[in-house]
Every structure is written in structure tokens, then in C-alpha cells.
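Read the structure below first, then the notes.
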Amino acid sequence: MALVRWKPFGDIEKFLEETNLWQTIAGKDLSADVYEENNNIIVEMHVAGINPDKVDIVVEGDHLKVSGSREEEHETEQRDYYTKEIKRGSFERYIHLPAAVDRTKTRAEVHEGVLTITLPLLASPESHKVKVEKH
């Protein structure tokens, strides 16, 4: 007899994936890769079709906030859509930063639809050994 994995929310997950609601609910509308390279935290996001002037990037404590808007396309009655999945309107994404960064030296650039945000790591303070005194 084969084991069947019980997925109590399987039908709900399937529905959310099929209707593209899962990406919106999970905040994956702007998927991101976050990694460390050359003493920097690098965040890459696909922003094809988004005007770079409509993107705001803010470092708040230990989070990076990327927000902005995609241009609204006015639907015309001349088009008979079969599917309409491209998201339009405002967006906001918070990304937890894995280490302290120098927010004053943060840079961002867009190349071929990929937003790359470079956040230099703060130099970690040198360790200080504490001597236990005897009384």
C-alpha cells in the first residue's frame, strides 16, 4: 500500500496558485535573490516593464523596502482578453537584511529589466576580550 501525504490545505494552495493569488498574498510579486558578494549584500529583482523613476528604495533598520508602481493600462473594449495576469498598480516589498549595512553607500541600477541593489556591509567591530577581575 502506497503512502499518501496528507495536505490539509492542498486544495486551497492549488486554487491560490491557479488564480495567481498566491504570489500576491506571499509577497512574491517582486521575487528577489539576496546574496553576499565582495563584502556587499546584493539584492536582485526582476522589474521588467517598471519605469525606474517609479521605484523607491529605502533601508529601514534591518530591512530593505522596495516600492513603486507599474503603469496602469486602460482596458479597451476592443480587446477580448483570454487571460490577464500582468499585475499593474502599486507594489511594496520588504526584504530582511541578513547583516548590518552602510545605508549611505547603497547603490541601485537597472540593466535589462533586473534591478540590482548593492548594500555595503558595515565593518564588524573588532572583538574585545574582557578580563575577569578577582576580588
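Among the residues that make up the range 74-88, is at least one of them at pLDDT 85 or above and closer than 14 Å to VAL55 by Cα? Among the residues of the range 74-88, not one is at pLDDT 85 or above and closer than 14 Å to VAL55 by Cα, which makes the answer no.
Within the range 31-50, not a single residue is of a type in the set (Val, Ile, Thr), at pLDDT below 90, surrounded by fewer than 14 Cβ atoms within 10 Å (Cβ to Cβ) and in a loop (DSSP other than H, G, I, E, B). In the range 54-64, the qualifying residues are those that are within 21 Å of GLU112 (Cα to Cα) and at pLDDT 90 or above, and the one that is surrounded by the most Cβ atoms within 10 Å (Cβ to Cβ) is VAL55.
The values are calculated or read from the model by the stated rules, or taken from the named source; none is laboratory data. This is a predicted model, so every value here is computed, not measured. Backbone-built Cβ (ideal geometry, glycine too); neighbour counts: all protein chains shown.
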